[in-house]
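Notes for the one structure printed next.
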Amino acid sequence: MKPTPKAAAREPRPRKGARAQRISLDSRYQAWLRHHRQVALDSGRRLVRQPFSSLFTMLAIAIALVLPAMLWLGLGSVRALDHSFDDSARMTLYLSPGSSSEQVIGLAERVRGEPGVSEVEVITAEQGLQEFQQALGVGDTLSLLDANPLPATLLVTPLERDPAEAERLAERLGRLEGVDEARLDLAWLERLRELGALGQRLTLGLAVLFGFGVLLVVGNTIRLAVENRRKEIEVVTLIGATRAFVRRPFLYSGAWFGLGGGVLAVVLLTLGRGWLSAPIGALARSYGSDYALPSLGGGGSLLMVACSILLSLIGAWVAVGRHLAEIRPR
Amino acid sequence: MAMITFEHVGKRYGGRFEAIADLNFSIERGEMVFLTGHSGAGKSSVLKLLTCLERPSRGRVLVAGRDLASLSAGQVPFYRRQIGVVFQDHQLLFDRSVFDNVALPLLIQGVPPLDAARRVRAALDKVGLLHRERALPIELSGGEQQRVGIARAVVNKPALLLADEPTGNLDPQLSADIMRLFEDFNRIGTTVLLASHDLALIARLRHRILRLREGRLIADEEAA
Ligand SMILES: Nc1ncnc2c1ncn2[C@@H]1O[C@H](COP(=O)(O)OP(=O)(O)O)[C@@H](O)[C@H]1O
Ligand SMILES: [Mg+2]
């Protein structure tokens, strides 16, 4: 240690060798750890001592987090839906009524040979009728009809997923002899995708907005805490506390609020899911779907809590920085 | 080398008015000095300059040879740890025990708990309050509270002890007791600078006196 005028103001101390230096560094690290542990516990205790106001702050954080999280989860389902309909780029070729099965098979072969076609599935007029009856649950009423009114159809899967490409293929196949009509219904799929993109932006916007809300909630709570401990801040500043030392308890309070708010948000989401899943499951089943409400899962929950802590820490940091600057010991 | 040196120090608060004007004096290591003058003479301003709560508008303030203007904001806390300060209103924290109040400077410096406890008890013993370590400040008398404030100021064994009206709220008997404490610390080598407007009290104590009037030094009376 090189002698400085500052050091001269201290009590004279024995010279320290390299070994002593290392020990002192080590003990300084120990002291730092000890202080963090102490402050973390103390900040936690302060929160517990005011259970209602702490809970309100955490609840406000949780509510601000739940809404974007819900949207995000919902968006996940829409995307899954989109994915499950990916093969809906398939087109249906309605063959001329009264085509013989040889004609149908011959046409299927031909279509299979066309460029840009990946797969062809044949649905004969009889199969079509059966599916129709099943889907409507009308039993044998249709068998009262003299003749099968449905045409045979070919389900064609194009090689390309690209809608424009598929459209061109449909047009080409529609002109083939023996094909009445080629139908490609992509419009709703497009709409779903656009809705998805809109939802994504909406979620992002709301997440930013509500994330800002978390900052404000925590910031305001920490501002009050700083105000309440003004005297203490003044005193410790007078007797040599660093800014980091003064800031530390408030950052820990922020982290605790974030932890509480995040956990509460996960609990709210889980409760909400439980509450809605029965009616939604029933609704989905009535459509023959096994759709279930998406859940956060372990990773998602952790991410949510981590986000909450991070946001709260930032809020606390900003608030402490701003308000400590105003506090000057007299 | 002098412990404290003021060289042509001036201090303005905001406007044109000078709380301190061209102040020059020097205090040697191991001295005990009173700073006196009427209310508003600039005593607290001198101490605030010494604790880096204020910066001089003119001139230099040196402590142990170091110009305080050379301290960066980040260095100020570490400088403050080397001096002990006693306040008129003692500045105790009422939500924690006497022991914890005195331990505060050591907590700030990260002194290990066992070591800290030993030093806190030594300081409380010196001010005669070892038996009250578990008490809350609110349960103590004014004189006892001030003694806790002094214990906190000396727990770090500072080479320089500053006090601003430490007896301001106390009756004469208690004031004399408090002054004796400062003299005890001075006797073991601590430099003491003590601001007080209680002329009767400090006249009796026979130490060097710096008299201020309107921010100027009007007398520097050597110890009788
Ligand atoms: N922070 C401040 N802002 C403006 N004026 C101040 C401030 N502190 C002290 N003063 C003025 O400076 C002068 C000296 O004050 P001070 O140093 O407190 O004197 P003392 O402690 O001897 O009573 C007084 O006139 C006081 O009003
Ligand atoms: Mg004063």
ask   = If each of residue B:60 and residue A:172 carries a label point 7 Å out from its Cα toward its Cβ, how far apart are those two points in nm?
value = 9.1 nm
request  = Calculate, in nm to one decimal, what residue B:213 and residue B:122 gain on full extension: separation in residues at 0.36 nm each, minus their alpha carbon distance.
outcome  = 28.9 nm
ask   = Rounded to the nearest 20 Debye, what is the dipole magnitude of the protein assembly as shown about its Cα centre when Lys and Arg each give +1 and Asp and Glu each give -1 at the C-beta?
value = 5060 debye
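Translational diffusion coefficient of the protein assembly as shown at 25 °C, 0.890 mPa s, Stokes-Einstein with Kirkwood Rh over Cα pairs, in µm²/s as a whole number. Walk me through the numbers before you get to the answer.
Details: Rh = 30.6 Å.
Stokes-Einstein gives a translational diffusion coefficient of 80 µm²/s.
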ask   = Taking 0.36 nm per intervening residue step and subtracting the Cα-Cα distance, what contour gain separates residue A:194 from residue A:242 on full extension?
value = 11.9 nm
ask   = Using the reciprocal of the averaged 1/r over all distinct C-alpha pairs, how large is the Kirkwood radius of the stretch B:53-120 in Å?
value = 14.3 Å
ask   = Hey, can you rank A:295-307, B:202-214, B:79-91, A:256-268 by average C-beta count inside 10 Å, highest first?
value = A:256-268, B:79-91, B:202-214, A:295-307
inquiry  = Let me check the size of chain B from its C-alpha atoms; what are the radius of gyration and Dmax in Å?
reply    = 17.2, 52
request  = Place +1 on the Cβ of every Lys and Arg and -1 on the Cβ of every Asp and Glu in the protein assembly as shown, take the dipole about the Cα centre, and give the residue among B:3, B:77, B:59 whose Cα lies farthest towards its positive end.
outcome  = B:3
message = Using alpha carbons only, how many angstrom separate the centre of the stretch B:159-224 from the centre of the stretch A:277-330?
response = 60 Å
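Inside 10 Å of the C-beta atoms of B:110-116, what's the mean count of C-beta atoms belonging to other chains?
Working: counts 10, 2, 4, 3, 0, 1, 0.
The mean count of partner-chain Cβ atoms within 10 Å per residue comes to 3.
Starting from the eigenvalues of the Cα gyration tensor, five times each then square-rooted, give me the equivalent ellipsoid semi-axes of the stretch A:90-185, largest first, whole Å.
After diagonalising the Cα gyration tensor, the semi-axes are 26, 15, 10 Å.
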ask   = Taking the alpha-carbon centroid of each part, what is the distance from the stretch A:106-124 to the stretch B:1-50 in angstrom?
value = 101 Å
ask   = Taking a point 7 angstrom from the Cα of residue A:322 along the C-beta vector, which residues in the stretch A:200-241 have backbone N less than 18 Å away?
value = A:209-230
ask   = Per residue, what volume in Å³ does the Cα convex hull of the stretch A:213-330 take up?
value = 95 Å³
query = Roughly what would the spin-label model give for residue A:147 and residue A:306, points 7 Å off Cα along C-beta, in nm?
reply = 6.7 nm
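I'd like the FRET efficiency for residue B:199 and residue A:263, computed as 1/(1 + (r/R0)^6) with the beta carbon distance as r and R0 of 56 Å, rounded to 0.05. It would help to have the intermediate numbers written out before the result.
On the way: r = 64 Å, r/R0 = 1.14.
E(calc), rounded to 0.05, equals 0.30.
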message = With +1 on the Cβ of every Lys and Arg and -1 on the Cβ of every Asp and Glu, and nothing else charged, how large is the dipole of chain B about its Cα centre, in debye rounded to the nearest 20?
response = 480 debye
key: DSSP beta bridge pairing in the protein assembly as shown, given as percent antiparallel to the nearest 5   = 65 percent
note = At q = 0.14, 0.26 Å⁻¹, the log10 of I(q)/I(0) for the stretch B:114-202 from a Debye sum over equal Cα scatterers comes to -0.48, -1.46
query = What FRET efficiency would be calculated for the residue pair residue A:37, residue B:78, taking the C-beta separation as r and a Förster radius of 22 Å, to the nearest 0.05?
reply = 0.40
key: Nitroxide proxy distance, nm - points 7 Å out along Cα→Cβ at residue A:157 and residue B:28   = 10.1 nm
remark   = Of the candidates B:99, B:205, B:136, the farthest towards the positive dipole end of chain B (Lys/Arg Cβ +1, Asp/Glu Cβ -1, centred on the Cα centre) is B:99
The stretch A:175-256: GluC sites (Glu not before Pro) in DSSP coil with no more than 15 other Cβ atoms inside 10 Å = A:177
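Given the C-alpha atoms of the stretch A:261-330, compute the convex hull and give its volume per residue in Å³. Each step should come with its number before you reach the end.
Working: hull volume 7.0 nm³, N = 70.
Roughly 100 Å³ of hull volume per residue.
With r defined as the distance between the Cβ atoms of residue B:139 and residue B:67 and R0 fixed at 35 Å, what FRET efficiency is calculated, to the nearest 0.05?
Numbers: r = 44 Å, r/R0 = 1.25.
The computed FRET efficiency comes out at 0.20.
Taking the Cα centre as origin and putting +1 on Lys and Arg beta-carbons and -1 on Asp and Glu beta-carbons, what dipole magnitude results for the stretch A:90-185, to the nearest 20 debye? Mind dumping the intermediate values first?
Working: 8 positive and 18 negative charges, 31 e Å.
Taking the Cα centre of the stretch A:90-185 as origin, the dipole is about 140 debye.
Rule-based calculations on the coordinates, nothing more; no lab input. Please read all numbers here as calculations on a predicted model, not as lab measurements. Ideal geometry is used to build each Cβ from the backbone, glycine not excepted, and the neighbour counts take in all protein chains shown.
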